[in-house]
Structures are given as structure tokens and as C-alpha cells.
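**Student:** Sharing a structure here in C-alpha cells format.
The values are calculated or read from the model by the stated rules, or taken from the named source; none is laboratory data. If you're wondering where the values come from, they're calculated on a predicted model, not measured in any experiment. Counting neighbours? That spans all protein chains shown, and the Cβs are built from the backbone with ideal geometry, glycine included. Protein only, heavy atoms only, side chains kept; ligands, DNA and RNA dropped before computing areas. Shrake-Rupley method; radii C 1.70, N 1.55, O 1.52, S 1.80 Å.
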Amino acid sequence: MEFRLGASAITTGDSSHDRSSNASLHAKVLCVAILVIAAGAEARRWFNARPANPAMLVAPPQHGNVSFSPRSATLLPTPPHAPMAHSSAMTPLPGGRMAAFWWAGSRESGPDVKVYASHWNGNTWAQPWEVASRESLSAALGYGVRRVGNPVAWASPEGHLNLFVVATGLGGWAASRVVQMVSDDLGKSFTVKRVLPMSPLFNTSMLVRTTPVGLADGGWLLPAYFEMGIKYPLMLAFDSNGDPRWISRIGSRITTLQPTIVPFSSSEVHAWMRDASREQRVQHARSSDGGVNWDDLPALSLPNQSTSLSALRLSNGSIVLLHNHVLPGGSDRNVLRLSTTKDGRHWTQVTDIAHGSAGEEFSYPDLHQVGDELHITYTSRREAIAHHVIGLDFDGGAE
């Protein structure tokens with residue numbers, strides 16, 4: 001009897017356990033089904049976003065000659081209690097001014113990291129002010145933001161500013177999203193507009209780093225990249241109101257990121273990418289339909305040991321590129337070089353903007369033209385943001 005009671009008890013326990021296991025299994029199946037349905041909806045949005053008639057790029061002038069002459073080299077003012085600074089981005093403003101954005105704090109991914117801004121008035125940079133933090137983004141989005149990162153800016157000719165900031169919840173940068181912020185007072189204050197609809201994985205693992213390119217209708221193309229195990233570059237098109245229109249993947253590689261893009265005509269655009277593969281060369285892609293479809297091209301001869309680039313077409317059609325060159329006995333980021341090209345594949349050195357000892361870092365550059373000046377910012381030793389002004393002579397001279 002005792003045995004039967006024990007057996008009965010065991011049987012009853014097993015039955016309860018089976019019911020619990022079945023409920024757990026059903027819950028898991030339901031979760032998977034929900035994820036599949038949601039992923040399907042995301043995928044439909046992703047793959048059906050291609051435009052029938054994409055907006056045309058701003059047609060660039062034919063390539064001309066330009067000479068470069070250094071004018072000044074300074075550091076942007078440092079925010080208080082922020083010993084580390086990184087990832088600067090500029091955008092021209094009306095009246096020959098500029099705004100610069102970067103993150104600063106005690107360390108990368110630190111809880112005190114914030115995005116700061118400063119104005120260039122033609123001679124000096126203003127004292128920086130805070131424009132985004134994990135606290136301000138959490139309050140605006142309605143959920144927790146753990147860390148903030150790379151800012152990218154775009155301003156209309158009237159000075160309406162769009163700022164794109166990388167933000168993560170749980171996890172590292174692979175769990176990041178891109179937050180779009182807007183300002184109507186030249187960047188003194190911002191409001192959050194949206195999290196960009198970019199990834200089939202619920203908009204996560206998306207980052208930005210390099211400057212957008214303008215479209216003829218007043219919109220722009222925002223370079224971006226996916227980074228979760230594999231890495232690949234993308235591009236998101238906006239209309240003149242700052243609303244996303246369509247998205248495309250740049251090429252088919254899975255080891256490239258942080259694309260920088262330049263138009264070659266009203267429909268042809270080139271992209272050069274940071275290389276995370278063993279090839280360690282600047283990667284290259286081209287689109288002939290305004291960025292909707294892309295073809296991979298062979299890597300350039302320029303070395304790239306997984307470092308960010310920045311390219312720009314000047315007002316006379318010349319194309320310039322800031323990139324980390326690698327010299328014998330040097331390291332991956334101790335030389336920041338300015339080069340120029342006519343065809344996008346063959347590059348000629350202009351000058352080394354920064355050159356330090358092995359292990360020093362001069363990285364994450366940005367460059368913009370304002371009048372007859374080329375403005376460059378970059379991370380200087382992770383301690384500050386450096387700013388160089390280079391004069392441009394379009395009347396002749398060596399390229």
C-alpha cells in the first residue's frame with residue numbers, strides 16, 4: 001500500500017511536471033510564432049522599401065584642380081569632467097558658421113558619456129553644451145538607454161538641424177538603435193523625433209558614423225551600418241521634411257562598416273568602407289541608380305586596419321578622403337592622411353593631417369567645405385577633438 005501510495009504520489013508529481021513542461025513548451029512556441037510574425041512584418045517593410053523612382057543626387061561639377069594650404073590647427077573646448085572625447089561630426093550652418101557634435105565622458109560606453117555641441121563663428125569655437133545623454137533619451141523614448149555614442153548631423157540651407165545619435169539599451173553596440181533628433185535653433189536645443197526604422201531585427205544593431213549626402217529635392221542620404229556578428233553598410237534616404245523614405249544595403253560584403261559616400265553624377269554614387277576583414281584595405285562599392293542598388297568593387301590599395309574614413313566632394317568637383325595610413329613601425333591609427341582622387345580608385349597623398357608615435361590615436365575624421373576653406377575634425381588621442389582649417393585655391397595649382 002505504501003508502495004502504491006508512493007507510486008501514486010510519484011505519478012501525480014510526474015503528471016504535474018508534464019503539465020508544467022507542456023505549458024512551458026506552448027509558451028515557447030507562442031513566443032517563437034510571435035517573433036516569426038513580427039520578423040516577417042519587419043522583413044516586408046525592409047524589402048518593399050525600394051523606390052520606383054529614387055530622387056536624384058545633386059549633380060556635382062566636373063573634377064577640377066585645387067591646391068591646399070594649412071591655416072590653423074586647434075582643439076575644441078573640452079566639457080568639464082570629461083577626460084575622453086571621440087567621434088566628431090560637423091555640419092555647415094547659414095552665414096558661414098558650423099556646428100560640431102561629439103561624445104565625451106570618463107570612458108567609452110560610460111554612464112556619464114553625453115553628446116556635446118559647439119558653434120564655430122568663423123574664428124573660434126564656443127564653449128560646448130550638452131544635447132543628449134542616456135537620461136534625456138530615456139525620458140524622451142520612454143524606456144531605458146544604457147549608453148550613447150556616435151552623433152551625425154545634417155542641416156538644411158535654412159539651418160533646420162537633424163542630429164542622429166547611436167543609443168543602446170541592454171547589451172553592447174550590437175544592440176544599438178539610431179535616434180533622430182531635430183532642432184530649430186541651430187542646435188541649442190533638440191527634441192527627439194523617432195527611432196529610425198532601419199533593421200529587420202526591430203531596428204537594433206544599427207549605427208551611424210559618417211556625413212549624409214544631399215539630394216536634389218532637398219532630402220539626403222544617411223550612411224549607416226549593421227553590426228551584430230556580421231557587419232555590413234547601409235544607406236537610408238530621407239525626404240526634405242526629414243522623414244525616412246527607403247533603405248538599401250551597400251554591396252554584399254559582411255565585413256565592412258561605416259561607409260562614407262560621394263556623388264559622381266546625378267545618379268552615380270560611390271562608397272568607401274572601413275574594413276574588418278583580413279584583407280585590411282579600404283573597401284569600395286558603387287551605385288548607378290542613386291543608391292538603390294550597389295555593386296562591390298575591388299578593394300583600394302589604401303591600407304585600412306578597421307578604422308573610420310571620411311570623404312567629400314569639393315565645390316569644384318575634387319574628391320578628398322581622410323583615412324588612417326599605416327607606415328612600417330607604426331600602428332593602425334597614428335597617421336591621419338588627406339588624399340585626393342579623380343576616379344575613386346587611384347588616390348594621391350596631399351598631406352598628413354596628424355602623425356604621432358606608434359600607439360597614438362588620430363581617428364574618426366570628418367570634413368566639410370565652408371567657402372574657400374576645408375574644415376577637418378578628428379579624435380586626438382581620445383583626449384579632445386582637433387580642428388584644422390585648410391585653405392583651398394581653385395584657381396590652379398597642383399592637385
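**Student:** Within segment 289-304, is there a residue that is among the charged types (D, E, K, R) and outside any loop (DSSP other than H, G, I, E, B)? Step through it out loud before you land on a result.
**Tutor:** Just the residues of segment 289-304 that are among the charged types (D, E, K, R), to begin with: 289, 295-296.
With outside any loop (DSSP other than H, G, I, E, B) added as a condition, the list becomes 295-296.
Yes - at least one qualifying residue is present in segment 289-304.
**Student:** Could I ask something else about it? Can you work out which of the residues in segment 246-300 that are among the aromatic types (F, W, Y) and under 20 Å from G317 (Cα atoms) is most open to solvent (accessible area, probe 1.4 Å)? Outline the logic, then answer.
**Tutor:** As a first pass, look at segment 246-300 and keep what is among the aromatic types (F, W, Y): 246, 264, 272, 294.
Retained after the next criterion (residues that are under 20 Å from G317 (Cα atoms)): 264, 272.
Numbers: F264: 44, W272: 0 Å².
Of everything passing the filter in segment 246-300, F264 is most open to solvent (accessible area, probe 1.4 Å).
**Student:** Now, a different point. Out of all the residues in segment 99-114, is one or more of a type in the set (A, V, I, L, M), touching a residue at least 24 places away in the same chain (Cβ under 8 Å) and over 25 Å from A354 (Cβ atoms)? Outline the logic, then answer.
**Tutor:** The initial filter retains those residues of segment 99-114 that are of a type in the set (A, V, I, L, M), namely 99-100, 104, 113.
If we keep only those that are touching a residue at least 24 places away in the same chain (Cβ under 8 Å) too, we end up with 99-100, 104, 113.
Those still in the list that are over 25 Å from A354 (Cβ atoms) too: none.
No, that holds for no residue.
**Student:** Return the residue satisfying two criteria in turn: it lies in segment 168-203 and is within 16 Å of the chain's Cα centre (by Cα), part of a loop (DSSP other than H, G, I, E, B) and aliphatic (A, V, I, L, M), and of such residues it is farthest from Y116 (Cα to Cα).
**Tutor:** M198
**Student:** Let me ask you something else. Checking the structure you have, find out if any residue of segment 68-77 is closer than 23 Å to Q258 by Cα and buried (at least 17 other Cβ atoms within 10 Å of the Cβ). It would help to see each step written out before you state the result.
**Tutor:** Filtering segment 68-77 down to residues closer than 23 Å to Q258 by Cα leaves none.
No, there is no match, as no residue in segment 68-77 is closer than 23 Å to Q258 by Cα and buried (at least 17 other Cβ atoms within 10 Å of the Cβ).
**Student:** Looking at (1) open to solvent by less than 50 Å² (accessible area, probe 1.4 Å); (2) in contact (Cβ under 8 Å) with a residue 40 or more places away in the chain; (3) closer than 26 Å to T307 by Cα, which is the only condition W173 fails?
**Tutor:** (1)
**Student:** Oh, and also: How many of the residues making up segment 122-167 are within 30 Å of S72 (Cα to Cα) and in a strand (DSSP E or B)? First the steps, then the outcome.
**Tutor:** At the first step, the residues of segment 122-167 found to be within 30 Å of S72 (Cα to Cα) are 122-132, 149-165.
Subset that is in a strand (DSSP E or B): 125, 129-132, 149-155, 161-165.
Number satisfying all stated conditions: 17.
Table: residues versus (1) in contact (Cβ under 8 Å) with a residue 60 or more places away in the chain; (2) of a type in the set (G, A, S).
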position	(1), (2)
V208	no, no
W220	yes, no
P259	no, no
S308	yes, yes
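**Student:** Scan segment 332-354 for residues that are of a type outside the set (D, E), in contact with a strand residue (DSSP E or B) (Cβ under 9 Å, 6 or more places away or on another chain), open to solvent by 10 Å² or more (accessible area, probe 1.4 Å) and assigned to a loop (DSSP other than H, G, I, E, B) and report the count.
**Tutor:** 3
**Student:** Taking the options V182, V195, name whichever one is surrounded by fewer than 20 Cβ atoms within 10 Å (Cβ to Cβ), in contact with a Gly (Cβ under 9 Å, 6 or more places away or on another chain) and closer than 24 Å to S136 by Cα. Walk me through how you get there before you give the answer.
**Tutor:** Values: V195 fails: in contact with a Gly (Cβ under 9 Å, 6 or more places away or on another chain).
The match here is V182.
**Student:** What about R209, is it open to solvent by 10 Å² or more (accessible area, probe 1.4 Å), of a type in the set (K, R) and modelled with pLDDT of 95 or more?
**Tutor:** Numbers: open to solvent by 10 Å² or more (accessible area, probe 1.4 Å): no; of a type in the set (K, R): yes; modelled with pLDDT of 95 or more: yes.
It is false that R209 is open to solvent by 10 Å² or more (accessible area, probe 1.4 Å), of a type in the set (K, R) and modelled with pLDDT of 95 or more.
**Student:** Then there is this: Give the residues of segment 334-345 that are at negative phi and touching a residue at least 12 places away in the same chain (Cβ under 8 Å), sorted by residue number. Before you say what the answer is, go through the steps one by one.
**Tutor:** Just the residues of segment 334-345 that are at negative phi, to begin with: 334-343, 345.
Matches in segment 334-345: N334, V335, L336, R337, L338, S339, T340, T341, K342, R345.
**Student:** Please indicate, with yes or no, whether at least one residue in segment 345-352 is within 24 Å of V269 (Cα to Cα) and modelled with pLDDT under 95. Reasoning before the result, please.
**Tutor:** Kept after step one, since they are within 24 Å of V269 (Cα to Cα), are these residues of segment 345-352: 345-350.
If we keep only those that are modelled with pLDDT under 95 too, we end up with none.
No, because not a single residue in segment 345-352 is within 24 Å of V269 (Cα to Cα) and modelled with pLDDT under 95.
**Student:** Of all the strands (runs of 3 or more DSSP E) wholly in segment 5-109, which have at least 1 residues that are at pLDDT 60 or above and of a type in the set (S, T, N, Q)? Working first, answer last.
**Tutor:** Details: elements: 67-75, 84-93, 97-105.
Passing ranges, in order: 67-75, 84-93.
Condition check ((1) over 19 Å from L367 (Cα atoms); (2) open to solvent by less than 10 Å² (accessible area, probe 1.4 Å)) across all residues:
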| position | (1), (2) |
| --- | --- |
| P94 | no, no |
| R97 | no, no |
| F101 | no, yes |
| S106 | yes, no |
| K114 | yes, no |
| H119 | no, no |
| V131 | yes, no |
